[in-house]
C-alpha cells in the first residue's frame, strides 16, 4: 500500500500541494483528475521521489520515501513510472530501451533480458518493432514501449503521469487498452489523466484535485454521478 | 614577393618530418584532450562542491591564460621538475592536451546539459545508477550533439600546435623558421607552412563532417 500523509510542497512561496492525504491499496487503480496546475503531477513525482516534499510522509509498504535515512532507491524500485512525454532513450532501439536496466541492475543475461522484453512487447502489441528506434514510432507506440520498459523491472506499483496527453486522439485508445489490461491483471496503479472514460471504467477510486488540495474523492460512480463539491461539478461540467 | 620552389625541395624532408610531428602533437591533443575533457566535464558537474570546485578552477586557469604561456611553463617548469630536464616533445604534447581538455570539457558539459531532464528521470525511476545513466544514456546522446563543436576544437588544436615551435619542437612552423633563418627568406617558408596547415584543417573538417553524418 502507498500511503500519503500530510504532504505539502512549496516551490519558493508557491504552495503547490497543501496537506495531501491519500491511500492506494494493493491491486487497486486510483485515478487523479483535476484542472492543470492543481498539483496532480507534482504529487506523483513526490511519491517516487523525483521531487522532494516540503513536509509530510509517503509510506510505500510501510517504508517512508521522504526519510533520507531509508534506502530510497530500493523503495523507488517498487514503483515504475510512465511519463507524459515517454522519455524513451533515443540512442537505443526499442529492445535495448527495455533490456538495458534489467541487464545492468538485475544482471540478467542478454538472452534472458531479450526473451522477457519480447514477451512484454507482445503484451503491448509491438512485436514487430523490436529493432526500431523510438523516433520512428508514433507517440502511441512510444508510450506502449514506455509501459513495457517499466514492466521489465517488475514494479509493484505503476505511476502514470498523463500518459495520453501528448498523443494524437487516434493513438489514445491503444495506450488505454494496455493500461486496462494491466488493471484487470491486478496491477496497482496511480493514474493522473484527463481521460474521464478510462477513470469511470477502470478506477477503484477517483480523486479530484484543485489548487493543491484534494477536493473530493470517491468511487467513479460517486464522483462522476453525484459530485458533492462545487469545484468538482464545475470541472466535470467542462470536461464531460 | 619571391617564392622559390628549389628551396622548398631543399627543405622538403624537413617539412615532411615536421608534418609528422604536427600531426602527432595534434593527435595527442585530440585523444588525451578528449579523454581528460570528458573526465573534467563529469567532475565539473559533480554535486560535491569540492570536486566541482577543483575542476572549475582547472578550466578557469587553462582557459584564462594564454596557451603560449602554458607551453613555456610546461617546458621550462613542469617537465624539468618531473624529468630533471626540459623535453619539447613531452612538454608540447602535455600542454596541448591539458589546454584542449579544458575547452573540450566545457563543450561536453554544454552537450550533457542539453539532454532533457526527462532522460535522467526515466533512468532514475527504472533504478539505473548515476554512472550507468551517464555511460549508456547521457554521454552517447551528448557526443552526437557536440560533434560539430568538437570539430572546431580539433581544428583549433591543429593550428595551435604551431606554438610549440617556440620550445624547439620540430614541427612544421619550427622548420619554416629555420628556413627563414638560413636563407633570409620570408614568403617561401611561411606560405608553404600556411598551405600545409590549410590542407590539415580542411581534411580534419571533412573528416568531422563524415563522422557527423555517420552518427546522425
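The values are calculated or read from the model by the stated rules, or taken from the named source; none is laboratory data. Note that the structure is predicted; figures quoted are calculated from it, not measured. So basically every Cβ, Gly included, is an ideal-geometry build from the backbone, and we count neighbours across all protein chains shown.
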Given the condition assigned to a helix (DSSP H, G or I) and at the interface with chain A (Cβ under 9 Å from one of its Cβ atoms), answer yes or no: does some residue in segment B:142-161 qualify? yes
Considering each residue of segment B:1-24, count those that are assigned to a helix (DSSP H, G or I) and touching a residue at least 40 places away in the same chain (Cβ under 8 Å), and give that number. 12
Every residue from segment A:88-98 that is within 11 Å of chain B (Cβ to nearest Cβ), more than 18 Å from residue B:115 (Cα to Cα) and in contact with a helix residue (DSSP H, G or I) (Cβ under 8 Å, 6 or more places away or on another chain): A:98
Unique residue being assigned to a loop (DSSP other than H, G, I, E, B) and either without any contact (Cβ under 8 Å) to a residue 60 or more places away in the chain or more than 26 Å from residue B:27 (Cβ to Cβ) (or both) when the list is B:128, B:207: B:128
Selected residue (only one of A:95, A:108 is buried (at least 18 other Cβ atoms within 10 Å of the Cβ) and outside any helix (DSSP H, G or I)): A:108
Being within 14 Å of chain B (Cβ to nearest Cβ), surrounded by 17 or more Cβ atoms within 10 Å (Cβ to Cβ) and either within 18 Å of residue B:136 (Cα to Cα) or more than 18 Å from the chain's Cα centre (by Cα) (or both) is the filter here, so list the residues in segment A:117-144 that pass it. A:117, A:134
When segment A:33-87 is checked residue by residue, the ones that are in contact with a helix residue (DSSP H, G or I) (Cβ under 6 Å, 6 or more places away or on another chain), under 20 Å from residue B:122 (Cα atoms) and not in a loop (DSSP other than H, G, I, E, B) are A:60, A:80, A:81, A:82
If you take the residues of segment A:190-207 that are out of contact with any helix residue (DSSP H, G or I) (no Cβ under 6 Å at 6 or more places or on another chain) and under 18 Å from residue A:4 (Cα atoms), which of them is surrounded by the fewest Cβ atoms within 10 Å (Cβ to Cβ)? A:204
For segment A:25-41, name all the residues that are within 20 Å of residue A:232 (Cβ to Cβ) and in contact with a strand residue (DSSP E or B) (Cβ under 7 Å, 6 or more places away or on another chain). A:29, A:30, A:31, A:32, A:33, A:34, A:35, A:38, A:39, A:40, A:41
Looking for something more than 18 Å from residue A:213 (Cβ to Cβ), surrounded by 20 or more Cβ atoms within 10 Å (Cβ to Cβ) and modelled with pLDDT of 95 or more - is there at least one such residue anywhere in segment A:37-48? no
Is at least one residue of segment A:146-168 farther than 14 Å from residue A:82 by Cα and surrounded by fewer than 18 Cβ atoms within 10 Å (Cβ to Cβ)? yes
Across segment A:57-77, what is the total count of residues that are surrounded by 19 or more Cβ atoms within 10 Å (Cβ to Cβ) and more than 10 Å from chain B (Cβ to nearest Cβ)? 5
Looking at (1) under 24 Å from residue B:145 (Cα atoms); (2) assigned to a helix (DSSP H, G or I); (3) touching a helix residue (DSSP H, G or I) at 6+ places or on another chain (Cβ under 9 Å), can you tell me which one residue B:79 breaks? (1)
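Could you please let me know if residue B:51 is touching a residue at least 12 places away in the same chain (Cβ under 8 Å) and either part of a helix (DSSP H, G or I) or closer than 23 Å to residue B:159 by Cβ (or both)?
Here the answer is no, as residue B:51 does not meet what is asked.
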Hey, residue A:85 within 9 Å of another protein chain (Cβ to nearest Cβ), out of contact with any strand residue (DSSP E or B) (no Cβ under 7 Å at 6 or more places or on another chain) and more than 30 Å from residue A:129 (Cβ to Cβ) or not: no
